[in-house]
1. Criterion first (surrounded by 15 or more Cβ atoms within 10 Å (Cβ to Cβ) and at pLDDT below 90) does residue 51 satisfy it?
2. Would you call residue 102 of a type in the set (Val, Ile, Thr) and over 15 Å from the mean Cα position of the chain (by Cα)?
3. Return the residues of the range 69-95 that are surrounded by 15 or more Cβ atoms within 10 Å (Cβ to Cβ) and either of a type in the set (Val, Ile, Thr) or outside any strand (DSSP E or B) (or both); say none if nothing qualifies.
4. List the number of the failed condition for residue 29; all other conditions in (1) under 15 Å from the mean Cα position of the chain (by Cα); (2) assigned to a strand (DSSP E or B); (3) exposed (fewer than 15 other Cβ atoms within 10 Å of the Cβ) hold.
5. Of all residues being touching a residue at least 24 places away in the same chain (Cβ under 8 Å) and part of a loop (DSSP other than H, G, I, E, B) in the range 52-68, which is farthest from residue 32 (Cα to Cα)? Just the residue, please.
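The values are calculated or read from the model by the stated rules, or taken from the named source; none is laboratory data. These figures come from a predicted structure and were not determined experimentally. Here the Cβ positions follow ideal geometry from the backbone for every residue, glycine too, while neighbour counts run over all protein chains shown.
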Amino acid sequence: MEERRTIPRWEINQEAEVTFEDGACAIPCVVEDINYRGMRVSLRRNLFDDVFSSFKLALGIDFEINASASMAWRNQRDDINTYGLSFNRVDDLTRVRLWDYIRSRFPDLVSKQLWSGLR
């Protein structure tokens with residue numbers, strides 16, 4: 001499949017927790033990839049399409065974002081549900097914090113992405 005994204009995603013495969021608008025308990029998940037415009041997340045729950053309209057994503061104890069997203073696609077394999085999300089609401093401060101998080105936790109990914117266009 002040909003990549004159509006104008007901004008590549010960082011493949012981080014990071015354990016995280018997502019909490020939805022209703023404030024129920026946090027649900028463990030894995031953020032497979034992420035960028036400023038969206039992410040791919042996997043979890044052991046089958047969710048409604050509109051549940052991502054307002055959520056909090058915690059990547060570790062020191063990084064959380066509040067966001068809104070639309071579900072672009074979903075896939076279910078065995079007991080894992082994977083969702084492709086397109087962010088609707090991510091403010092500039094959150095974008096900067098996300099960049100800082102990726103740069104500090106995954107420097108090899110940043111380096112690889114920056115140098116990939118120079119070949």
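1. yes
2. Criteria not met by residue 102.
3. Scanning the range 69-95 gives 82, 90, 94, 95.
4. Answer for residue 29: the failing condition is (3).
5. 54
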